[in-house]
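Every number here is computed from the coordinates shown, using simple stated rules; none is lab data. For clarity, every value in this text was computed on a predicted model and none was experimentally measured. Positions of Cβ are backbone-derived with ideal geometry, glycine not excepted, and every protein chain shown enters the neighbour counts.
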Amino acid sequence: MPKVIHKGQVVADNWQVFRLPEGADAATAAIPTGQVIVPFPVWQVRREELLASADAVGVWLAGSDDPAALADDLHALALVAVDFPKFTDGRGYSIAVALRTRFGYTGPLRAIGQVLRDQFNYLSRSGFDTLAPAEGRYTDAQLEAAVASLADFTDPYQASVIHPQPLFRRHSRAAA
Amino acid sequence: MYRYDNYDQRLLDERVAQFRNQMDRHLAGELSEDEFRPLRLQNGLYIQRHAPMYRISVPYGHLASRQLRKLAYLARTYDRGYAHFTTRTNVQFNWPKLEDVPDMLAELASVQMHSNQTSGNDIRNITADPYAGVAGDEIVDTRPWAEILRQWATYNPEFAYLPRKFKIALNGALEDRVVVQVYDIGLDFTKNEAGEIGFRVLVGGGLGRTPILGVEIASFIPWQHLITYCESILRVYNRHGRRDNIWKARIKILVKALGADEFRRQVEEEWALVKDGPNTLTAEEVERIATHFDDPDYADLPERDATFEAQRDSSKPFAAWVRRNVREHKRPGYASVVLSLKRTGVPPGDITADQMDTVADLADRYSFGEARMTHEQNVVLADVRKSDLYAVWQIAREAKLATPNIGLLTDIIACPGGDFCSLANARSIPIAEGIQRRFDDLDYLYDIGEIEINISGCMNACGHHHVGHIGVLGVDKNGEEWYQVTIGGMQGNETALGKVIGRAFAAAEMPDVVSELIATYLDNRFADERFIDTVQRIGLEPFKARVYGDQHIERKVANA
C-alpha cells in the first residue's frame, strides 16, 4: 500500500489519483471505484454523479486551474489535491495559499505529482497537510527520514498558513 | 548595519544544516542532478565552465570589516586568492570545490553572511543605494526597508519556484543610483506632504534578452503595506507568469501581455485580500530595524579642512584622485571614498584577498568598520574624515585600489564573460582590457570626461550593456565571438536603453571602434557636455558614419 506523509506522520493511504487518459472525454471516462481524486474538469461535468457515489471523492487542481472555481464546492469534498507536474513548477504553492486563506478551506490538502522531500518544508508552510510523493520514489526508510525536513526551519520570517503571524508579530525582537 | 539577533542566526544555521544534508545526499547518489540543481542554485552554487561558481549575497551591498576578512579567508582557503564583485553587489568565487561549499557557507554564517537565493527562480538579493544614509540628496534611507524585504524574501515558502528569477531594487534619493526602472520591482521611496514615508511602484523592468523599462502601477503606497503589496505582485506573477518558455518567463513579459492597467487590477484584487493583514508592518518592527542604520558616531567637524586642502594643492596625483574618487557627504568634514576595482590589466570587479584585508583595515581605521559595494563594481568607504583622505589614499594606492578613474572611460562595468561563465557567448574581460589599454593616458581620460562603458558576454546582460553610454554585447556567430555595440544608453533618473549602431565587430576591432566613437564625440562636443549629452543632441548618424565609414577599420562582415 502506498504511503504518504500526513500531518507529520508516515501513514498508509488508500486514495487513488485519477488522471484523464490522453484523448479521453471528461464526461464519459471510466472513473475507478474506491477513494478517488478526480481532475477538476471531471468534477465540473460530473459533480452530481460523484457526490451520489458511496465512495469519498476528492478533486485535484492543475497549476492552470483557478481555485476560485472550486470555492463553492470545498465543503462537499473529502479532500483537495494540487498537482505538481514538475517540482520546479511553483504555481501550486500560491494555489494552496489561496485555498487556505482566501477560500477558508480547512480539510485535507494534498500535494501530488513530482513531490520531493526537499520541498516538504515549503509545501507544508504553504498549507499542504498531506505530501504524496510518487509511488516508489522513496523507500519507507527514506520517507521516515524525510519527515525531518518539515522542521528544517524552526521559526521562519514569514507569515504562512501554519504560521499565521510573521516573525516580527510572533516574538518581541529586541532592538539593536 | 543590520546585526543578526538569535532568530536571524538560527534561521541561517538551519539553512547551513539543510544544505549540508542536501549536498551529502547528492554526493551519495540519493539526489539526482536534476533534483539537486534548484537546491544548489538557491544556495548560490553554479556549475561553470572550469569549476563550480559560488555566489555570495551582500544584502544591499553592505560589508562589515570582519565580513571582508572572512571573504579574504575564503579566497585564500577555498579559491585562488581572489574574488569577483558583481553588478548585483554579490561576490563570486570561480574555483571552489563542490563538496567544500557547505563548509564555505558555514564560515559565512559565522559572520552573518550567506549565499541565500543568489541564483534560482526566486527572490534575489535586494538592491539599494550604495550611498544610502550619507548622500545629501536622500529623502528616505532605504536600508531598513531593504532589510525588511530581505527577511520577507528569505526562505519564503510560496515564492521559491517562480517562473523565473526576481529582482527588487529600492531608491530613496533625488538621484536614482540603483536604476529602479530595470528591476522586476523598482520601489521609489519618498515622503508625502504630511511627511509620511511611502513608495512608488514600478514593475516589469529588466535588461536581458528583452530590455524594457518598468511601468508605474502605484504612485504612493504607505510604508505599512510594503510586504503585502510586494506579496500581491508576486502572487499574480507566480500564478500567471509564463512557464513554457524560459525566455518569456520574467514578469516583464506578463506585464506587457496583460498591459499595465490589467496587471494593476489583478494586483489590487490580491492586495484587497491581504491589506491590513498580519504582514502589515508595525511601527515597532520598522523602528527595531531602522535603529541598526542609525548614523555612526560622527564627530562635529568644520566643513573645510586646511591640512587636506594643502595636501591636495601640493600633490597632483592626490588631487586627481580626490576629484574622481571622493564624493560629497551629508556631514561637514566627511567624505565618501570610492576604491577603484578598475585597474588596467585586472578584470573589472576582481579583488584579491590581500586587497580585501586592506579594505577591511581601511574601514576599521577610517570609516566606522564598514564598506559598501556598488553595482559599478567598485567599493565605497562611506564615512571618511577629510583630514584622513590623504592617509587613505596612500594606503589604497599601495594596495592598487586608488586608480583615479571613477566615472571615466576605464571604469568599465563587465561581467566575467566567456572566460568563466558557461552562459556567455563571448569573453568580456579581454575586451575591457583592450579598451583600458588604449585609453591608458590619464590626461586624455580626463579630457574625455564622464562616460560609462558596459560589457556583457551574452544577452543575459549581467554587464548592464543596455544602459551603458557605450554598450558592448558579446554574440556568437557560427562559433566565433563578435561584439555588438550600442550607444545612448543611460542609467539614473533618465534611464534609457542604447541603440545598436550597426553590424558587430571582432574583438581586435573593439579598441578602434571605441576610439572612433570617442573621436566623433570630441569633434562634436559642445562646451563641457558629456559623451552621452552629445549622442542625445546629434543622434547616432555621425557616430555610425565615422565608425563604419572609416577605412582603417578592417571590414569583417559576419555571415557575409
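Tell me, rounded to the nearest percent, the portion of alpha carbon pairs in the protein assembly as shown spaced more than 48 Å apart. Each step should come with its number before you reach the end.
Numbers: 56805 of 270480 pairs.
Percent of Cα pairs beyond 48 Å in the protein assembly as shown: 21.
What Cys residues in chain B have no fellow cysteine's beta-carbon under 4.7 angstrom?
For chain B, the answer is B:230, B:421, B:458, because their Cβ atoms have no other cysteine Cβ under 4.7 Å.
Filter chain B for me: DSSP H helices, axial length by Cα at least 20 angstrom, mean Kyte-Doolittle hydropathy not below -1.0. List them by residue number. Before the final figure, lay out the partial values.
Numbers: long enough: B:6-27 (31 Å, -1.45); B:226-240 (22 Å, 0.00); B:260-274 (21 Å, -0.82); B:510-524 (21 Å, 0.39).
The qualifying helices are B:226-240, B:260-274, B:510-524.
I'd like the distance between the alpha-carbon centres of the stretch B:320-379 and the stretch A:1-30, rounded to an integer number of Å.
Computed from Cα coordinates, the inter-centre distance equals 60 Å.
P(r) tail for the stretch A:3-170, what percent of Cα pairs lie past 22 Å?
Percentage above 22 Å: 43.
What distance in nm lies between label points placed 7 Å from Cα along the C-beta direction at residue A:106 and residue B:244?
The two pseudo-label positions are separated by 4.0 nm.
Below 8 Å between Cα atoms, with a sequence gap of 6+, how large is the relative contact order for chain B in percent? Numbers along the way, then the final one.
Numbers: 1167 pairs, mean separation 65.8, N = 560.
In percent, rounded to a whole number, it is 12.
Only residues of the stretch B:363-391 count here: report those whose backbone N is under 14 Å from the spot 7 Å along Cα→Cβ of residue B:314, or say none.
Zone members listed by number: B:390-391.
Counting only C-alpha contacts under 8 Å and six or more residues apart, can you give the relative contact order of the stretch B:306-398 as a whole percent?
Rounded, it is 31 percent for the stretch B:306-398.
Using only the alpha carbons of chain B, what is the convex hull's orientation-averaged projected area in square nanometres? Mind dumping the intermediate values first?
Numbers: hull surface 105.3 nm².
Mean orientational projected area (chain B, Cα hull): 26.3 nm².
Rounded, prolate or oblate: pick one for the stretch B:134-291, where a ≥ b ≥ c are the square roots of the eigenvalues of its C-alpha gyration tensor, a/c under 1.5 means rounded, and failing that, prolate if a/b is larger than b/c, else oblate.
prolate
Which of the GluC sites (Glu not before Pro) found in the stretch A:1-110 are in a DSSP loop and have at most 15 neighbouring Cβ atoms, other than their own, within 10 Å? Before the final figure, lay out each step's value.
Working: sites: A:22, A:48, A:49; in loops: A:22.
Loop-located and lightly packed - A:22.
Starting from the Cα of residue A:3, draw a straight line to each of the aspartates and glutamates and keep only those under 18 Å, dropping any in the same chain fewer than 8 residues away.
Partners found: A:13, A:83, A:118, A:129, A:135, A:140, A:144.
Can you give the calculated 222 nm mean residue ellipticity of the protein assembly as shown, where each DSSP H run of n ≥ 4 adds -39,500 (n - 2.57) and the sum is split over every residue, rounded to the nearest 500 deg cm²/dmol?
Value at 222 nm, helices only: -10000 deg cm²/dmol.
Write down the percent of antiparallel bridges among all DSSP beta bridges whose residues are both part of the protein assembly as shown, to the nearest 5.
65
Roughly how crowded by other chains is peptide A:150-157, in terms of the mean Cβ count from those chains within 10 Å of each of its Cβ atoms?
6
Quick check: convex hull of the Cα atoms in the stretch B:6-109, volume per residue, rounded to a whole Å³?
For the stretch B:6-109, the hull spanned by Cα atoms encloses 108 Å³ per residue.
Take the Cα of residue A:140, step 7 Å along the line toward its Cβ, and report every residue of the stretch A:10-50 whose backbone nitrogen sits under 15 Å from that point.
Within reach of a label on residue A:140, which here means backbone N under 15 Å from a point 7 Å along Cα→Cβ, the stretch A:10-50 contributes A:10-13.
Where the centroid of each part is defined by its Cα atoms, how far is the stretch B:147-162 from the stretch B:1-47 in Å?
Each part reduced to its Cα centre gives a spacing of 15 Å.
Give B:167/B:252; B:499/B:544; B:248/B:275 a once-over and call out the pairs whose C-alpha atoms are over 20 Å from each other.
Distance filter (> 20 Å) returns B:248/B:275.
Would you give the gap between the C-alpha center of the stretch B:185-208 and the C-alpha center of the stretch B:229-296, rounded to a whole Å?
That distance is 12 Å.
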